1. In whole angstrom, note down how far apart the Cα centers of segment 536-551 and segment 562-602 are.
2. Answer rounded, prolate or oblate for segment 572-613, using the Cα gyration tensor with square roots of eigenvalues a ≥ b ≥ c: rounded when a/c is under 1.5, else prolate when a/b is larger than b/c, else oblate.
3. Quick query: amide H of His183 versus all other amide H atoms, modeled in the peptide plane; which residues come in under 5 Å with a sequence gap of 5 or more or a different chain?
4. Got the relative contact order for segment 429-682 handy, in percent, Cα pairs under 8 Å and 6 or more residues apart?
5. So what's the back-of-envelope 222 nm ellipticity for the chain, counting only DSSP H runs of four-plus at -39500 (n - 2.57) apiece and dividing by all residues, rounded to 500?
6. Whole-Hz Karplus ³J(HN,Hα) for segment 630-642, in order, using 6.51 cos²θ - 1.76 cosθ + 1.60 and θ = phi - 60°, x for Gly and Pro?
7. Please list the non-local residues whose amide H lies under 5 Å from the amide H of Arg284, H modeled 1.01 Å from N, same-chain partners needing a gap of 5 or more.
8. Amide H neighbours of Ala473 under 5 Å, at least 5 residues apart or on other chains, H built in the peptide plane: list them.
Amino acid sequence: IDLVHPEAEPRLLVDSEKLQEMLPPSRKKASQATGLGRIAPQQYQWMPDGKALLFPTDDNLYVLDLAKQTGKRLLEDAAGEASAVSNSRISPDGRWVSFVRNHDVWVVELSTGKPAQLTFGGSEEVLHGELDWVYPEELDIREAYWWSPDSKRIAFLELDERPVTRYPLVDLLSYNGATEWEHYPKAGAANPVARVGVVEVPSNETIRGVKWIDTGEDKEVYLARVHWLDVKSLLIQRMPRSQRRLDLLLADAAEGASRILLTEEDPHWINLSDDLYVFPGGKRILWSSEIPRIGSGAFPNPGGYRHLYLYDTAGRLLKQLTHGEWEVTGVDGVDAEHGFVYFTATEVSVRERHLYRVSMDSGEMTRLTFDAGTHRVTLSPGARFYMETYSNAHTPPVQYLQRTDAMHNVMEARRLAGGATPALEAMHLGPVEWHAVPAQDGTLLQARLIKPPGFDPEKKYPAILSLYGGPHAQLVVDAWSGGGFLFDELLAQHGYLILTLDNRGSSGRGHAFETPIDRHFGELELADQLAGVAWLKKQSFVDPARIGVHGWSYGGYMTLTAMFHAPDVFKAGFAGAPVTDWRDYDTIYTERYMGTPQENPQGYKNSSPVNFAEKLQGKLLIVAGTGDDNVHFANTVQLSEALINAQKYAEVQIYPGRGHGISDPPAQLHVFRRVLQFFLDNL
């Protein structure tokens with residue numbers, strides 16, 4: 001789309017078939033025969049001048065000149081170098097492309113095609129510039145190295161996994177079997193050791209060594225975020241293993257020294273965000289926090305709502321930009337020239353997400369989206385345009401191009417793609433109702449109710465509690481939820497009422513709403529879900545003797561908790577990929593909310609369904625993939641052993657080699673049919 005003439009029709013930028021012409025002959029022939037190894041058109045990066053695109057593959061890098069529609073391969077397959085390539089980035093000046101090969105960081109100069117290795121000593125257990133399993137999974141970090149603004153240095157994360165226990169993922173489908181070993185730090189066990197190094201990009205043949213940043217003596221810290229403040233300094237977010245403190249470190253990239261710029265502490269845990277923004281010149285930073293501030297310019301925040309703050313680089317609070325009993329859910333962009341911050345927030349409703357801007361000078365806040373539902377945006381530089389993706393509970397994502405005037409007010413919107421399809425319209429989805437359900441202490445809990453098509457209030461319907469229940473997550477949102485929501489609609493079309501409720505511990509309502517679950521999983525979450533069931537039973541159209549429950553992952557765990565601790569309430573339950581013993585889950589997630597098993601042994605015991613198998617009374621179906629690298633299949637095996645010892649019976653459906661989500665179409669269809677039939681037979 002040409003933003004100079006946004007009214008013009010979109011034009012084809014890249015022909016996916018022409019992309020394949022950049023492949024070497026042997027690779028092209030193999031991809032034509034098998035369909036594998038092709039250059040994927042959706043995996044691209046823009047060159048800074050906008051004249052070319054970078055396309056990474058699993059073993060090389062390709063650059064396509066957009067004007068000429070011709071390309072070149074960057075890495076020649078020299079002896080010993082035809083190995084996997086990952087994590088490619090373009091330098092800010094467009095001179096270099098960086099990548100990871102054999103667990104080390106490399107660069108290749110675009111003009112010469114000459115590669116240079118910047119880090120050394122990387123291995124399968126010592127990762128340079130690439131992530132392990134637990135860091136992206138639980139810290140939501142997506143990059144492991146970062147270019148300096150002047151393209152002269154790269155800061156990188158080293159993760160030393162040698163202390164971490166290796167866990168076997170066993171392939172039983174192949175003739176002789178096979179084992180893949182995964183470094184997986186279980187709660188209370190050793191973590192990877194992290195540190196940040198800085199290397200210079202060679203301006204000649206000389207490659208200098210690594211300058212390691214001093215992040216303190218504690219080797220168990222998490223180095224959760226890294227940013228360049230300017231060409232000389234880094235900002236590093238550091239957390240101790242307890243995750244009750246967050247330090248923002250200011251580090252000298254050349255000398256390695258660091259100091260604490262600001263600190264946050266919470267008696268429960270700190271939730272990380274990606275809202276840090278460094279203003280041009282490196283003198284001010286934008287920061288978001290749930291921790292109440294004390295001092296000039298700060299507003300009371302007993303609910304722990306995430307809001308935006310302006311700091312200088314001496315760590316002084318300059319101004320609180322947003323405040324109120326609602327959450328900033330993300331910073332979408334900053335127009336530093338005109339003094340505006342753009343962000344998404346729950347100010348209208350905890351179920352909705354809208355775009356706002358706030359003036360850094362006056363503090364005036366302006367709402368920019370108005371249709372009820374969820375709006376997610378990507379702003380252009382200068383914020384004169386933004387791409388908006390809109391959805392609600394019954395509307396799949398729709399993409400719009402929004403154009404603004406000089407004052408950043410929306411002038412026109414152009415619909416580009418998305419929305420309901422004929423196939424979706426033919427499904428005749430049931431209506432969604434929103435409710436506020438009182439908990440035992442009177443706290444109002446957000447809930448969503450789906451009724452069967454042709455609902456008759458004079459009839460009695462069975463009901464299923466569709467839950468997740470885990471901390472810092474939210475299901476009751478006015479947004480398109482995809483496959484899980486459609487499966488609930490499928491159940492509704494077979495005559496079931498479907499209730500989804502966000503218990504305490506869920507996100508969107510401030511940190512104080514989350515923290516009551518601290519150090520004891522399952523207890524308060526179940527109490528709130530049972531309040532939802534009690535509300536259901538008061539409805540004249542509900543059959544109180546036919547209540548079921550289902551969920552996946554933490555929702556699978558909650559299903560087991562419900563079936564074991566409220567056996568008189570639930571007649572049938574389906575648990576997908578459930579944790580059954582919290583000692584089996586990873587360090588970062590589990591310890592954030594539970595502490596370690598050594599510190600909190602009773603909490604772990606009381607929170608783990610494997611210890612309460614003898615309480616099962618209703619019908620139970622458990623589904624798990626043997627290749628799950630997140631919630632290991634061992635959880636299901638250990639619960640099966642506990643059920644045997646208790647002389648209790650459950651149905652178990654295994655999916656060989658499948659991971660945590662069981663996402664391939666044949667297996668996913670099998671899951672849906674299996675679960676539907678289970679409820680038809682037992683509820």
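1. Segment 536-551 and segment 562-602 have Cα centres separated by 24 Å.
2. Numbers: a/c = 2.89, a/b = 1.59, b/c = 1.82.
Cα axes put segment 572-613 in the oblate bin.
3. Tyr167
4. Working: 507 pairs, mean separation 41.4, N = 254.
Relative contact order for segment 429-682 comes out at 16 percent.
5. Details: 12 runs with 111 residues, N = 683.
Taking each H run of at least 4 residues, the total per residue is -4500 deg cm²/dmol.
6. Those phi angles translate into 9, 9, 4, 4, 4, 4, 5, 5, 5, 5, 4, 5, 5 Hz.
7. Close amide H contacts, sequence-distant or interchain: Phe279.
8. Ser507
Every number here is computed from the coordinates shown, using simple stated rules; none is lab data. Here the structure is a predicted model, which is why all the values come from computation and not from measurement. We place every Cβ from the backbone using ideal geometry, glycine too, and count neighbours over all the protein chains shown.
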